[in-house]
């Protein structure tokens, strides 16, 4: 993360300036040099400015990871794409799980910048009236959690996620009514418009119907 490197860089610069002063406190005539407080303070202020978004980013990832682990039932790792990573990302994926050398999905995912920002906004709201983008963002986390649990097929992962969006929303702090409304909205407004590869076998008595109480149908 670029901000992390900037943070470390300015902390190191502040330490370097302080250390150099400490080793050269006196000039050739024995006079004590003043501490370069302005330079050090400026470095620390820049570092503090970088630290705040870094802390917010890490806290968001921890919240999403805890919810994903609860839904997937296995330890997972969730990372949010940074703004810097968006410049080198040529894909349109909202979330991504790599397949390992053994052909199995890895237990870590990268959620794209936009859905992560939508998730952060939703987490900071009262969760009573999520935007459609926020509904989709919650589902993206659930969908990737299903892949991390071991499901390879996209339509299977999508249907498993549809049946667990309510659980994900509750794990992220929504009350039962809010969570069910969010899951229902994805099922009725978004799922029917998904590409063919993500649909099929989902619904009452469908191939992927797990008969969960959290299913939105």
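Of the residues screened, residue 121 is not one that is under 23 Å from residue 65 (Cα atoms) and buried (at least 16 other Cβ atoms within 10 Å of the Cβ). Being over 29 Å from residue 205 (Cβ atoms) and either in contact (Cβ under 8 Å) with a residue 12 or more places away in the chain or more than 19 Å from the chain's Cα centre (by Cα) (or both) is a description that applies to residue 82. Condition check: in contact with a helix residue (DSSP H, G or I) (Cβ under 8 Å, 6 or more places away or on another chain) and either closer than 21 Å to residue 150 by Cα or at pLDDT 95 or above (or both). Does residue 185 satisfy that? Here the answer is yes, as residue 185 does meet what is asked. Of all the listed residues (144, 114), the sole one being under 16 Å from residue 77 (Cβ atoms), in a helix (DSSP H, G or I) and in contact with a helix residue (DSSP H, G or I) (Cβ under 9 Å, 6 or more places away or on another chain) is 144.
A count restricted to segment 22-47 and to residues that are touching a helix residue (DSSP H, G or I) at 6+ places or on another chain (Cβ under 8 Å) and surrounded by fewer than 12 Cβ atoms within 10 Å (Cβ to Cβ) stands at 1.
Selection of segment 124-138 for residues being crowded, with 19+ Cβ neighbours inside 10 Å and at negative phi yields 130, 134, 135, 136, 137, 138.
The values are calculated or read from the model by the stated rules, or taken from the named source; none is laboratory data. Computed from a predicted model, the values in this text were never measured in an experiment. Cβ: placed from backbone, ideal geometry, glycine included. Neighbour counts: every protein chain shown.
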